[in-house]
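Asks: Structure provided below as C-alpha cells; questions to follow.
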Amino acid sequence: MKRVLVPAAALLLGLTATGAGAQTLEAVKARGTLVCGVNEGLEGFSSKNDSGAWSGFDVDFCRAVAAAIFGDAAKVQFVPVSTSERFEALHGGKIDILSRNSTWTLSRELDYGLSFAGVTYYDGQGFMVPRARNVNSALELGGSKVCVQKDTTTRRNQADYFDANSMKYDVVLTDSTQDSLARYKKGECTVVTSDVSQLYAARQELPDAGEHIILPEVISKEPLGPAVRQDDPKWRTLVQWVHFAMLDAEELGVSQSTLDQAKASSRPAVKRLLGSDGDMGDKLGLSKDWVASVVKLVGNYGEVYERNLGKDSKLGIPRGINQLWSLGGIQYAPPAE
C-alpha cells in the first residue's frame, strides 16, 4: 500500500491511549467482539456489498482471528478507515487490529508505536497501460503521462524509476487511486502506477478491463500485513500465529474439506497444529482446537487467497511469491514447537 509522506516529527505520538501492557485479548473477550480496521473499499481485500456484508482477503484475516478467539468468525466488527486515519485509529484504541493492505515499514513502527504481525501479502508497485499502446515493459514508458497519487512514496518510486532509466515523462498528480483511475479513463494519462494488487482491482472497474494490461515490472517492495499496538506483545503473538497457523494448515494439507480427516491424523505436526498434542492454544490464551476453528470457519491461507484474490476471484492474481515456499514462493511459517 502506498505510504503517505508526513514529517516524522508530526507523528511522534508517545505511548498509546490504551497504556503500556494493555491486555487486548482480555478486553476483546469481555466485549464479545473483535474490532477490526479495514479499507473503505478495495476489491479483493475489503469491500461491502449492498446488503452491508464485508468480504475480502483482509476481512477474512480478521474473521480468522475472531474464530481463533471465540470459535465464531462472525464475532468481528469492521470499521472502515481511510489511508490518513488508519494508524491513528489503531494507536488511539478505536480498533484492536488494523488489517488494511498496509505496508510494513520501520518508520511506521517507530513513529506510530505499532507492530506489524507478519506479511500476509507480498506486493509491489507496478504500472497499468492500455493494451492498444503495444507496450510490453515499463522500460518502454518514456514520454508517457503518468497518473500517480501525490504525497506518497508511490510518487517517489515512480520518479526514481523513470530517472534511473533516463526516461522522460509528464506526471499527473491525483488525490487517490480512484482519482488516478478516473483520469486514466478520461485519457488525461496513459499510465497508472500503484501497488500491483490495487491495479488488478482498479482494472476490474474499467468497462473494457480486458483492453488494459499490467506490466511485469515490480519496482518496490510492499510487504502488506496486519498491525497492532506495541504495548501488548501477547496480542501481537496471537495475531502473528493466526497467520502462521493458516500457512501451516495449507502446507500440511489441512483445509475445510479435509479437516475431519486431519483430526484423525497421526502425523505429529498435524496433531500439534490441531491441538490434540501440545499446549500451544493454552499458552496463547485460546482453546486447544483454535486452529481447527479457523480452518473450519475461514479456511487455510491458500483457500482465503484463491477465494478473494486468486483463481476463484474476479481479480485472478497469480500466487507468485505469495505461494508456499515449498511450491516456489516465499510464504512459510516458523516451526510451531
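The values are calculated or read from the model by the stated rules, or taken from the named source; none is laboratory data. All values reported here derive from a predicted model rather than from experimental measurement. In this analysis, Cβ positions are derived from the backbone assuming ideal geometry, glycine residues included, and neighbour counts consider all displayed protein chains. Remember, those area values only see protein heavy atoms, side chains included, never the ligands or the DNA or RNA. Shrake-Rupley method; radii C 1.70, N 1.55, O 1.52, S 1.80 Å.
Asks: Which of the following residues is of a type in the set (A, V, I, L, M, F, W, C) and within 26 Å of TYR301 (Cβ to Cβ): LEU114, LEU110?
Replies: LEU114
Asks: Among the listed residues GLU211, GLU222, GLU217, identify the single one that is acidic (Asp, Glu), in contact with an Asp or Glu (Cβ under 6 Å, 6 or more places away or on another chain) and under 21 Å from GLN198 (Cβ atoms).
Replies: After ruling out the rest, the residue left standing is GLU222.
Asks: List the residue pairs whose Cβ atoms are under 9 Å apart, where the first residue sits in segment 173-192 and is among the aromatic types (Phe, Trp, Tyr), the second is outside any helix (DSSP H, G or I) and crowded, with 17+ Cβ neighbours inside 10 Å, and the two are 6 or more positions apart or on different chains.
Replies: These pairs meet every condition: TYR184/MET128; TYR184/CYS147; TYR184/VAL172; TYR184/THR190; TYR184/VAL191; TYR184/VAL192; TYR184/HIS212.
Asks: Also, I was wondering about something else. So for segment 225-232 (the condition being within 26 Å of GLY44 (Cα to Cα), hydrophobic (A, V, I, L, M, F, W, C) and in a helix (DSSP H, G or I)), does at least one residue qualify?
Replies: No: zero hits.
Asks: Which of (1) open to solvent by 20 Å² or more (accessible area, probe 1.4 Å); (2) in contact with a His (Cβ under 8 Å, 6 or more places away or on another chain) is the odd one out, the single condition MET280 does not satisfy?
Replies: Condition not satisfied by MET280: (2).
Asks: Which of the following residues is open to solvent by less than 50 Å² (accessible area, probe 1.4 Å), within 22 Å of ILE69 (Cβ to Cβ), in contact with a helix residue (DSSP H, G or I) (Cβ under 9 Å, 6 or more places away or on another chain) and part of a loop (DSSP other than H, G, I, E, B): SER255, SER265, SER287, SER293?
Replies: Exactly one of SER255, SER265, SER287, SER293 is open to solvent by less than 50 Å² (accessible area, probe 1.4 Å), within 22 Å of ILE69 (Cβ to Cβ), in contact with a helix residue (DSSP H, G or I) (Cβ under 9 Å, 6 or more places away or on another chain) and part of a loop (DSSP other than H, G, I, E, B), namely SER255.
Asks: Given the condition among the aliphatic types (A, V, I, L, M), in contact (Cβ under 8 Å) with a residue 60 or more places away in the chain and in contact with a Lys or Arg (Cβ under 8 Å, 6 or more places away or on another chain), answer yes or no: does some residue in segment 130-149 qualify?
Replies: Within segment 130-149 (the criterion being among the aliphatic types (A, V, I, L, M), in contact (Cβ under 8 Å) with a residue 60 or more places away in the chain and in contact with a Lys or Arg (Cβ under 8 Å, 6 or more places away or on another chain)), the answer is no, since none of the residues qualifies.
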